[in-house]
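Just so it is clear, none of the values below were taken in a lab; they were calculated from the coordinates. What you are looking at is a predicted structure, and each value in this text was computed from that prediction instead of being measured. Cβ placement follows ideal geometry from the backbone for every residue including glycine, while neighbour counts extend to all protein chains displayed.
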Amino acid sequence: MLGILVASSLVRIFAPLKEVEVLPIKDLDIVGFSARGEWTDIHIKDLGELKFLREAGYRYEVLIEDVESYISTVAWAYHNTNDVYNLLVNYKNSHPTITKLDTLGFTYEGRPIVAIRITDNPYINEGEPGVLVMGLHHAREWPALEIPLFFIDTLLRGYGSDPFITNAINNLDIWIIPLVNPDGHNYSRTVYSMWRKKQEVFPELWNVRRGSQQELWWTPRMGDPKGGMGAIQLQVPQTILTRILIAVPRCSAKTR
């Protein structure tokens, strides 16, 4: 049951979330849980933490012994950061009458935050009901990027042939930001796959160099150090730009 843990591991503890989240485990990183309270999955780096679980009487199972090695075998199936930009340009070029690309702004590391607008008159604000879809807030959650990309592809392929899709595009103002967190996504794809946040650093709150996983000083204003939202989240480019997108007349994607 113990196995040999290399680098970091995915471990399932057979206990409910509310019980696991208060365990004295260093850098506790909860990655999933059963709604029925049957188990909680954690990402763990220190073999000694498993000794604590065993001595405390918890039943657990090592699901993936070496997370980084496992991810390296499946990474090919997911789009990387540059793939997304190229795909959006290709979609716009292949469907010029119903799409428009809009760079909302730039991230801490200078990457564009790109939205694609899908509607029958993408350069005109017709006041139609708006739909806003956003993907990949958390850097390591790669499937959250694939879903909006699949949505874009489905809409564009179906326009003119699928009555439901055609009607939706003709009567809605659809905006999709498939990659909200390109900095974090790129870091997760190229440096450390389990990275969850963005790359921006707030020196007044963290004693940390950019791009590291070291989190020595933390205050509740930052939210949970492993990715929970804090008040400072409202100040980062992704949040500010999305709020502007919803608020200004550039589109109709208000809350309706």
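Tabulated values for the structure
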{"item": "For Tyr60, Tyr187, Tyr78, order by how many other beta-carbon atoms lie within 10 Å, fewest first", "result": "Tyr78, Tyr60, Tyr187"}
{"item": "Rel. contact order, % - alpha carbon contacts under 8 angstrom, at least six apart, the range 9-71", "result": "46 percent"}
{"item": "Packing-based exposure ordering (other Cβ within 10 Å, fewest first) of Ile176, Ile30", "result": "Ile30, Ile176"}
{"item": "Nearest-0.05 FRET efficiency for Asn171 and Ala56, computed from C-beta distance (R0 41 Å)", "result": "0.10"}
{"item": "Whole-number Å³ per residue for the convex hull built on Cα positions in the range 9-71", "result": "78 Å³"}
{"item": "Reciprocal of mean inverse Cα separation for the range 90-184 (Kirkwood radius, Å)", "result": "13.8 Å"}
{"item": "Nitroxide proxy distance, nm - points 7 Å out along Cα→Cβ at Leu23 and Asn125", "result": "5.2 nm"}
